[in-house]
Amino acid sequence: MMYLDRPPQVIETRVWATMPAEFRRPGVRSDWADANRGGKPVDCFIEGPSFDASGNLYLVDIPFGRIFRIAPDGAWSLIIEYDGWPNGLKIAPDGRILVADYMNGLMELDARRGTVRTLLGHRISESFKGCNDLHVSSTGDIYFTDQGQTGLHDPTGRVFRLRPNGQLDCLISNGPSPNGLVLDPHETALFVAMTRDNSVWRVPLVRDGGVAKVGRFSVFFGISGPDGLSMDANGRLFVAHASLGHVFVLAPNGECIARVKSCAGPTCTNVALGPNGALFTTESSTGSILIADTSGL
């Protein structure tokens, strides 16, 4: 993280909502926690915040295969619990609710019926390593990461693009733990959090449908790394860091211009931009959603 003229502005947060006690599962063992949290039981692990057109915030609870909706007044509703590990969620421009499921691949949620269906469960009959997050372009292209347990020891994580006509393109095949991703406002470059590389990669998209001149946009530190990403209309990138307790705000040139400080735990896993410059962050170790005013950036 670099700055040129002045230290990054510090923006404070407050807890906007937290997982209600009635939905928490204290002391319950899960296969997901065994693999990803050192065997320590977790009562929830929220991720994937995304707003619908009515201002409802959707998010996932990975270890227990649950998807929730939080109304603008803060009321929680359980939409579905199913056999899966929903890791990322995005609401497409056409209103579809899409899920990157670590166990099942790409899925679509019907919130009214409380059902999910698989959109893409494999590539050429081969299962995915473990889908993590996704982003939907203005034309309906679905970009998603296939992270699995990859890292610097095994840099084989992948980034895919699924076209509306069903064409599947592998854009990156050497990623050390590809995680959150987002397109720039012109949709000419894709930014991908590489968690175990502790960096964000910039992936230029070229006219023939491929990529070229991929490079590191920003480098971080810590025992984990960048997780979820979001970008505003001015090209400022919001990077949730899963061990440093901050969301870092990067200018279009990569300079760190602000850091949004968690008032809860250190595990800032994902971000969503809400109305009036509000930034919403999932802090997964406490099951909280934090809010910050970023309108002054």
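The lone criterion from (1) touching a Lys or Arg at 6+ places or on another chain (Cβ under 9 Å); (2) free of Cβ contacts under 8 Å to residues at least 40 places away in the same chain; (3) closer than 27 Å to Arg69 by Cα; (4) surrounded by fewer than 19 Cβ atoms within 10 Å (Cβ to Cβ) left unmet by Arg216 is number (3). Note on region 1-28: among residues that are at pLDDT 90 or above and charged (D, E, K, R), the one that is farthest from the chain's Cα centre (by Cα) is Glu22.
Here is a check on your reading of the model: is Ala75 touching a strand residue (DSSP E or B) at 6+ places or on another chain (Cβ under 8 Å) and of a type in the set (Gly, Ala, Ser)? The answer is no for Ala75.
When Leu89, Leu106, Leu98, Leu59 are checked against the criterion of being in contact with a Cys (Cβ under 7 Å, 6 or more places away or on another chain), at pLDDT 95 or above, in a strand (DSSP E or B) and crowded, with 18+ Cβ neighbours inside 10 Å, a single residue qualifies: Leu106. Taken over region 32-56, the criterion of being outside any loop (DSSP other than H, G, I, E, B) and surrounded by 15 or more Cβ atoms within 10 Å (Cβ to Cβ) is satisfied by Trp32, Ala33, Asn36, Ile46, Glu47, Gly48, Pro49, Ser50, Phe51.
All of (1) farther than 23 Å from Ala272 by Cα; (2) at pLDDT 95 or above hold for Val42 with one exception: (2). On the stretch given as region 129-171, residues that are surrounded by 16 or more Cβ atoms within 10 Å (Cβ to Cβ), among the charged types (D, E, K, R) and more than 15 Å from Pro226 (Cα to Cα) total 5.
The values are calculated or read from the model by the stated rules, or taken from the named source; none is laboratory data. Being a predicted model, the structure only gives us computed values, none of them experimental. Every residue, glycine among them, receives a Cβ derived from its backbone with ideal geometry; neighbour counts consider all protein chains shown.
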